[in-house]
Amino acid sequence: MKTARKKTHPSISKPPPAGELDARILDFIARGVERRVTDAEFNALALAMFSRQFALNGPYRRYCESLDRSPRSVAHWTQIPAAPTAAFKDAELTTLRPAERTAVFHSSGTTEHRPSRHFHNAATLALYEAALWPMFQSRMGLLPVPSSSMDKRDGCSTLVILTPAPSEAPHSSLVHMMETVRRQLSAPHSAFVDVAVLEDGRALAKAIQFAIRNLQSAILLLGTAIAFVRLLNAINSLPLPSGAHVMETGGYKGRGREVPREKLHAQISAKLGVERLDIISEYGMCELSSQFYTRPTVHAPRSAVFTGPPWTRSMVVDPETGREAREGGRGLIRIFDLANRGSVLAIQTEDVGVRRGDGFELLGRAPQAEARGCSLMVAS
Amino acid sequence: MTTGQAIAATARLWLKRGSSWMARAKRDITAFSPPMVEMGLRELFADIASNVEELERREAPHSTLTAPRSNVAHVLSGNLPNPGIVSIIVGLLAGARNVVKPATGDPMPALFVESLAQVNAKLAGRVELTDDRKAYQRAKIVVSYGDDETLRTLRKNHRRDASTAFFGFGHRASIGLVNFSRFALHAQRSTLIAAAARDASMWDQQGCMSPQCFYVRGDAAAFAEALARDMERFDRHWSRATLPFEDAAAIARARSEWNFRGRVWASKGSTHWTVALDERDRWAPSPLNRFVFVRPIELLTTRDSRSDIRKLAAGRKTTKHEARSTSCALPPLSTVGFAGFPPKEIIAMARADRYCSLGEMQRPSLLLTHGSRPRVGDLIHES
């Protein structure tokens, strides 16, 4: 029997300073997304970070103690207790003192009374931004050129973002990501479509038409799945200039009609005239600091396998046994993200996936069990 | 032979040592482990054998085997065998012709009717098993079990005129109320805990009479830890069924969440049983399949203020406290099992269709007149 026992651990050695950890993470990031981080390298940094998070993140430490885990007993990153995403709603899962916190990302969703909260300060936000760009750049096929020259180059990308602007959604991690991308590309603020048009497919189409008028360069069209569904429902055809790239992300948050990813991408390709190779999906959440992307190739243009940058690891965990699923097996997705320095590096998501190599195929949110009935409710 | 006598004789066939009917049920019912099927059906048929004739005397004293009065349709859910069998029995006692739509893949109604035919073919002939929607839509009376949406749809489709009747048995939850501090002796505590573990484990918690939470006066953590030991013991003898992925995922999610919010005792390397101690919220639904909460009873007895509820109903932005209160509302209750409390105090704490001693929650008598089955008199009256 696995028991829950609250323990008081003897004091552990002083955790590594934030600055030292940040330098090590930034070193990983600086190596680029194509260069592998060895398991030993990943493990060393993960354990150091776990040690800090255990020491400074009170609710997380209590959680680890209830599982009988501590830096003394954890020898490998796979043993680091993964905090459930739901815990970000209940507790302030952070190593940052209240006075240090300069930003907070909330989970979205229309029906949530209590959103998840992921706190940041300047340093962790800098990590977040440093971590997101190389993967985005790589997966969108952007050339690694200095951002300052991006908007001046012939043939550079024009950005259209189908999300609210930062001023409209200051606590959205997705919007912050989009804003970081916009700044990296030196695109104008008008890259964000007006928030008023996001609910209206026809208005979205007009906004895109306006953005691509007289366009000579390629377009990067980024948006949520629900925004794409609205757009596609409103148009028969809106061919984008050649070389266009599309990134869709996120679920539907209970709004609108769910369209399977494969069907959505097929419609994007058919109605917007974008090659399947140039349509990618992104997987991220406010509780993480790094993102996962699909990577279509000539051999697998419809690949639905998400992989992350070298400073992350993902596992697909069999819910019955708690062990990692076999290759091709279903399970709950668990993410280890070294860029999550200020909160918890191991996150247990509520998403179901299929294990594919060192990545996963996303199937969707794990359903809640239904109530069962056999007692008189209605008689008429 | 009266209808009741024929049904009692059928029940005895199931209870016979080496019963071929029981063997077939254990083989064909895949939603539960064979030991669980045998134990559950033995209890069901023992109750039927003991009480069906008394039920006939009380509710249908003039029932005969001639001239069926009317058609009663039974739309069954497959979560556990008992309600469907009892529903058919009540329809037979009412003298009705019964059109039964079993849940997909549920072999039990067919097995029961087949065993009834061995005793009395004429009586068994009054039960037609069918998937034909039209057959049961034509019935004058519909008795239906299932989720809220199914009931709403069936009720809407069935209400053609005032002469038709619909009895729906939908979602309910059950709880246990335990005055643990009243049980000081080790032996007393052992009996109490074994009873609670039985209630929480029987039929893998699939019925509406399965407790989802025990509210405890006294040391709730000690109760939870002891309950975990007995749930493990129960699982060794009557193991839980292998779960579909979705149900296992729901338990994994809930374990993870409650490990954070409270304390969890759980089977290792499987999702077979889980006890979660929650000292914060009044209520949260269990993912079932032997996942039970233990809460201090104070969480049940503290009421939300009416103004908070009005604010929530008006759709106003909620404060943290208000949001918590909404998530804590108790659902409609089927059964309250209790130990160590006087009945008056129990009723003041929780309103339910049925109250019983701990350990008896999953053993509703056929003579139970309210809540879990249609009354014979209702079906006679409506026909």
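Remarks
- Chain A - charge dipole about Cα centre, Lys and Arg +1 at Cβ, Asp and Glu -1, debye rounded to 20: 560 debye
- Considering only the protein assembly as shown, percent of DSSP beta bridges that pair antiparallel, nearest 5: 40 percent
- Counting Cβ atoms of other protein chains within 10 Å of each Cβ in A:318-331 and taking the mean gives 4.
- Cα-Cα over 25 Å, subset of A:Lys263/B:Lys156; B:Lys16/B:Lys101; B:Lys26/B:Lys101: A:Lys263/B:Lys156; B:Lys16/B:Lys101
- Straight-distance crosslink candidates among aspartates and glutamates, where the alpha carbon sits under 16 Å from A:Lys206 and sequence neighbours closer than 8 are dropped: A:Asp194
- By other beta-carbon atoms within 10 Å, ranking B:Arg233, A:Arg52, B:Arg373 with the fewest at the front produces B:Arg233, A:Arg52, B:Arg373.
- Between the helical axis of A:201-211 and the longest alpha-carbon principal axis of chain A there is an angle of about 70 degrees.
- Dipole size of the protein assembly as shown about its Cα centre, with +1 on Lys/Arg Cβ and -1 on Asp/Glu Cβ: approximately 900 debye, rounded to the nearest 20.
- When B:Cys208, B:Cys213, A:Cys286 are arranged by Cβ crowding within 10 Å, least crowded first, meaning fewest neighbours, the order is A:Cys286, B:Cys213, B:Cys208.
- The separation of the stretch A:37-95 from the stretch A:291-360, counted between C-alpha centres, amounts to 18 Å.
- Dipole magnitude of the stretch B:226-265, debye to nearest 20 (Cβ charges: Lys/Arg +1, Asp/Glu -1, about Cα centre): 180 debye
- Over 34 Å [Cα-Cα, the protein assembly as shown], rounded percent: 57 percent
- Förster radius 30 Å - calculated FRET efficiency between A:Arg36 and A:Glu327 (Cβ-Cβ, nearest 0.05): 0.95
- Residue-count net charge about B:Leu92 - beta-carbon cut-off 10 Å; Lys, Arg +1, Asp, Glu -1: +1
- Environment charge at B:Ala46 (Cβ cut-off 15 Å; Lys +1, Arg +1, Asp -1, Glu -1): -1
- A helix-only calculation puts the protein assembly as shown at -11500 deg cm²/dmol for mean residue ellipticity at 222 nm, using -39500 (n - 2.57) for each DSSP H run of at least four residues, averaged over all residues.
- Length-normalised contact order for chain A - Cα pairs under 8 Å, 6+ apart - percent: 16 percent
- Taking B:Ser174, B:Ser115, A:Ser269 and counting other C-beta atoms within 10 Å, the order from fewest to most: A:Ser269, B:Ser115, B:Ser174
- Gaussian network model of chain A, springs between alpha carbon atoms under 10 Å - residue of A:Gly359, A:Gly19, A:Gly331 with greatest fluctuation: A:Gly19
- DSSP beta bridge pairing in chain B, given as percent antiparallel to the nearest 5: 10 percent
- Amide hydrogen proximity for A:Thr102: with H placed 1.01 Å from N in the peptide plane, the residues at 5 or more positions away or on another chain lying under 5 Å are A:His120, A:Asn121, A:Ala122.
- Relative contact order, whole percent, for chain B stands at 19, derived from Cα pairs under 8 Å and 6 or more residues apart.
- Other residues lying with their Cβ under 11 Å from the Cβ of A:Glu327 contribute a combined charge of +1, Lys and Arg counting +1, Asp and Glu -1.
- Among A:Ser314, A:Ser281, A:Ser190, the residue with the largest mean-square fluctuation in a Gaussian network model of chain A, with springs joining Cα atoms closer than 10 Å, is A:Ser190.
- Percent breakdown of C-alpha pair distances by 10 Å bin, ordered from the shortest bin, for the stretch A:187-272: 16, 55, 26, 2
- Comparing B:Trp265, B:Ala348, B:Ala241 along the charge dipole axis of the protein assembly as shown, the residue lying farthest to the positive side is B:Ala348, per the Cβ-charge model.
- Placing unit charges on the Cβ atoms of the charged side chains and taking the dipole of the stretch A:205-344 about its Cα centre, the candidate lying farthest along the positive direction among A:Gly331, A:Val344, A:Ser237 is A:Ser237.
- Put a dot 7 Å past the Cα of A:Glu20, heading toward its Cβ, do the same for B:Asp132, and the two dots end up 8.0 nm apart.
- Max mean-square fluctuation residue, GNM over chain B, Cα-Cα springs under 10 Å, options B:Arg17, B:Arg351, B:Arg295: B:Arg17
- DSSP beta bridge pairing in the stretch B:172-285, given as percent antiparallel to the nearest 5: 40 percent
- Extreme residue, positive dipole direction of the protein assembly as shown, given options A:Ser73, A:Ser190, B:Tyr215 (C-beta unit charges): B:Tyr215
- Chain B: angle of helix B:148-158 to the longest principal axis, Cα-based, in degrees nearest 10: 30 degrees
Any read-out appearing in this document is the output of simple, stated calculations on the displayed coordinates, not a laboratory observation. Values in this document were obtained by computation on a predicted structure and should not be read as measured data. Every residue, glycine as well, gets a Cβ built from its backbone with ideal geometry; the counts of neighbours run over all protein chains shown.
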